[in-house]
1. What is the gain in length, in nm to one decimal, between B:Asn244 and B:Val190 on full extension, counting 0.36 nm per residue of separation less the C-alpha to C-alpha distance?
2. What whole-number distance in Å separates the alpha-carbon centres of the range A:426-485 and the range B:417-446?
3. Copy-to-copy spacing for B:Pro213, label 7 Å out on the Cα-to-C-beta vector, in nm, shortest first?
4. Using a label point 7 Å beyond Cα on the Cα-Cβ vector, give me the inter-copy distances for A:Arg483 in nanometres, one decimal, shortest first.
5. Which FRET efficiency value, to the nearest 0.05, is calculated for B:Val496 and B:Lys476 with the Förster distance at 22 angstrom and r the Cβ-Cβ distance?
6. Take the alpha carbon gyration tensor of the range B:388-484, find the square roots of its eigenvalues, order them as a ≥ b ≥ c, and report rounded if a/c is under 1.5; if not, report prolate when a/b exceeds b/c, else oblate.
7. Between B:Leu267 and residues 5 or more places away or on another chain, which pairs have amide H atoms under 5 Å apart, with H built 1.01 Å from N, and which residues are they?
8. Using alpha carbon centroids, what distance separates the range A:503-559 and the range B:1-32, in Å?
Protein chains: 2
Amino acid sequence: MTAQVQALYDFTGDPGTTEMSIASGEILTLINTDIGEGWWEGRNAKGETGLFPAAYVRKLTPEELEHTSTAPTHAAPAVPRYDQAADDWGDQQYSAGDNNYHRTTSQEDGWEDDWDDETYSEIGPAQHKSHHNQHQPMPLPGMPINDVNHLDDGSSNYGSSAGTVRRNKFAPSSKVTGESYLLGTLNVEVPDHDKIYIVQNEEGYVWSPLTHPYSVTVASPKKESKFKGIKSYIAYQLTPSFNNIQVSRRYKHFDWLHERLQEKFTLIPIPPLPDKQISGRYDEQLIERRRVQLQEFVDWMCRHPVLSKCEVWQHFLTCTDEKRWKAGKRQAERDPLLSLNYCISLVVPEKALLQTQVDGITEQCHTFVASMDTSVKSVVNMCITQTKRFQGPYKMDCQKVGEALYSLGNALSLDEGTVVSTSKLTSAIKMTGGAYIEIGRMYDEQPKYDWEPLGDKFHLYKGIVGSFPDVLANHKGAVQKKRECERLTAEHKMEVAQLNEVLRRTDVISYALLAEVNHFKAERTTDLKATMQKFLRQQITFYKKIVEKLESTLQQYDE
Amino acid sequence: MTAQVQALYDFTGDPGTTEMSIASGEILTLINTDIGEGWWEGRNAKGETGLFPAAYVRKLTPEELEHTSTAPTHAAPAVPRYDQAADDWGDQQYSAGDNNYHRTTSQEDGWEDDWDDETYSEIGPAQHKSHHNQHQPMPLPGMPINDVNHLDDGSSNYGSSAGTVRRNKFAPSSKVTGESYLLGTLNVEVPDHDKIYIVQNEEGYVWSPLTHPYSVTVASPKKESKFKGIKSYIAYQLTPSFNNIQVSRRYKHFDWLHERLQEKFTLIPIPPLPDKQISGRYDEQLIERRRVQLQEFVDWMCRHPVLSKCEVWQHFLTCTDEKRWKAGKRQAERDPLLSLNYCISLVVPEKALLQTQVDGITEQCHTFVASMDTSVKSVVNMCITQTKRFQGPYKMDCQKVGEALYSLGNALSLDEGTVVSTSKLTSAIKMTGGAYIEIGRMYDEQPKYDWEPLGDKFHLYKGIVGSFPDVLANHKGAVQKKRECERLTAEHKMEVAQLNEVLRRTDVISYALLAEVNHFKAERTTDLKATMQKFLRQQITFYKKIVEKLESTLQQYDE
């Protein structure tokens, strides 16, 4: 392949590497597009060769080559490069800039290049759909690490936060798809087995409970490789309880699934995937934490009466065949029942809802979610802080205590003499020093038993709570549409029959919201109780271990 | 009294107070010398009146008044004001600059002006002795607080360290007094009841054990006052077990005692008094810690076979009468048996000591003491650090955890509904938050049970270990003198009989050192064991309390 490309943005190659700097507007001759990880190799006008991010350039047609001087140039950071990349979806690697980023920061680790790898190459090109503008801008190469998502992110989840909301999913598409349902123009026949029921129990309106509950385990990930080992990646082994057949899924598959779920269920918060962890250690412990967070995602999915039954999830959990995978994938991407249109699958009680009652509940939910959002974030941050404290100053303080006592023991041993009580004391003091050094190690170890799992759990809640404002806004949009229709009918611009259909369908949407609000309440009540119990038990075990350590040390003095 | 004084140094009065700035050389008319705390009131040439430190001026004789222009002036901080003040001992308050310092930093607290108050005024003027040059320079007004002794002081105890050694006690006097004993020119008849025996037991040569052991309690200090309440100070109540009669002693009495002990016992490390604590809080807790450190001093004194019996200590412990106090005080200050001369009181085994053996022991002691000095200081610093950690970050971290959980409970209570399990969870989470806030309080409280007592104990050891190099040097001086005499005898410049007396007396000095080395070893073996046990028990209690707190919190979730 020898084609020419034009640089869209400036790119500064890392000195001392095979990277090459390119300037926006510059024409380059392609040498190799088979580098992988979003990199291409090219030659500039001076004859220099090197690598640059594929997403930073666009291929030129022979016609264009004649007037390259008029081709537009861009200042890289200000331009949503992602959209540009999306246009070239079919023939170039997606999010190459992102890949480049990872390549330069953690090249040695096959994990990272996989973490946000959205090339989808081995399962065929992704559909070029109209929702591509929902994507967040991805970090550009050369962006400082701290500007990118990181765990400490204290920014708001609401609206345009780059930290946790992966995209503004209701921007234009939901309104459109919602309207067709709401106005009754969408009339799809939903097969009975796909129908979802909302029923009333003592807690209010709820999703009809799961008839066949199941669980899925996410096993410790394995490093797999392809292209004869050139590219390695982490794959998770998922085993559903209903068939006990293991499937292997990479992060990108989770990511693809997550997008489908977010498109489809705009009244149901989708549990979050693990945060991108760009800085930090890429060790076993970090990989394990990602697994735990994926397990949290999977658990929430399994326990959800609607999500657990949906087709794309089932496909994700069960498909082991590459061809069937692709087919299912295409089908999911063409799903007509996205966003509010999904509500056509719902079967709700006959009773019409009182708008004031619905308003009251959504109002309370809004207040609750706003307060919860703050709390949940502060718990997440607190867990991160405590982990750092335990592994940093607490550990070091203990070790300093240990070292001071140990060196005291050493000093005393210089003048021990032959008196037994003296040498006994010396060794007891040394052992006390050793005990504190050991307690320091225990502090280092401890967070993985208490603070980290607690943080992982609240990562989940942070994602769910952070999605609620969108859910509420989506519902509110439907209610506003309904009011508009009421006005139109009052002005005789809409027929009463059609209004009644709108009213009925708005009620379906409200029923869905109420069911989800109640689901979240019931779910968190059980879940948080277990979470807090587990956390406290681990804390108790920890302090008991310190007591035991000190008690056995104390005995050294008694003998 | 209307006299005129000349300012010796510049003094800048604190603006907005009754203080007045004076310039070196300036002539002032005295208005009032009865202000107290080292302050005089005067009027300057401009007619302004105000207070200035008495030590900053000198009284002028009528003759002098005629040629004031030729009187010398000084730059205050560079001049050893202390010596100057000492010359005026009889008619002006001592260390007025020091008093001034405290006055401006902690005027509200009667304690501090007493802490280093060396006026000795109410027990008559101190003797103008030749050892006044042994005093450390006192801080001058305006010196930064941090330049003065502080607890964190990491400087060496050896030699000229200002941090812990109160004076260089062996500078000129000990050599002189030592020589008269060593050369046999000192021949005092020591009454039998004042004789101190050194005996041999399985641990080596030791001080003959105490036949009548006793203890002394230092009770919580009281704030007392004199001059109709103008001057208030802290007095400690000491109660010896042998007579159960309480005596009241101020810090300055302890300080005076300490000087006498250091003069007299140059082969015995004198336990340290509490460090000056110039910066920091003057609250109950600090006063209590000083009491604890004085108790440590007193305990060590009581347990020492030589110190516990000495006259000045007995006088200090028992004298309740002002006249007898002054008489005993004068007698102690005229004690002829200071430094090595004290050794004339000692009765040692007949056996001559092998110099090589003595050298071996002193060598080992030297190595031990050097290593111990480092360790003991690091334990002291560690205790201070741990106290700060417990009361600062540890407490705050716990409280942040508590607050995060409590606010989570609050958020959840906004969407509690009527479901019992939900409201139960909410209150359990709030209680968990409360428990961590309480644990934070426990961290704040804890150091007074473990780190501070441990630190107080090691303050004692720091002082004793820090005195050992002087003790060893003093012994070494005697050994060198002995060698000199051996050489003189070899050169026929000294008679054999006199040399034999020198050898015998050098042996007495060596016996004293060996006894003291063994006393320290035995003492610390018992004492450190008890100290470590007490410390560990307190630590265990603390962590058990955390466990209990968390366990009762956990139960909230179970019900």
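Values in this text are rule-based calculations from the coordinates and carry no lab data. Fair warning: this is a prediction, and the values are worked out from it, not measured in the lab. Glycine gets a Cβ as well: all are built from the backbone with ideal geometry, and neighbour counts include every protein chain shown.
1. In short, 16.5 nm is gained.
2. Centre-to-centre distance over Cα atoms comes out at 17 Å.
3. 6.8
4. So the distances to the same position in the other copies read 10.3 nm.
5. Taking R0 as 22 Å, the efficiency between B:Val496 and B:Lys476 is 0.35.
6. Values: a/c = 10.32, a/b = 6.79, b/c = 1.52.
Since a/c reaches 1.5 and a/b is larger than b/c, the shape of the range B:388-484 is classed as prolate.
7. none
8. 71 Å
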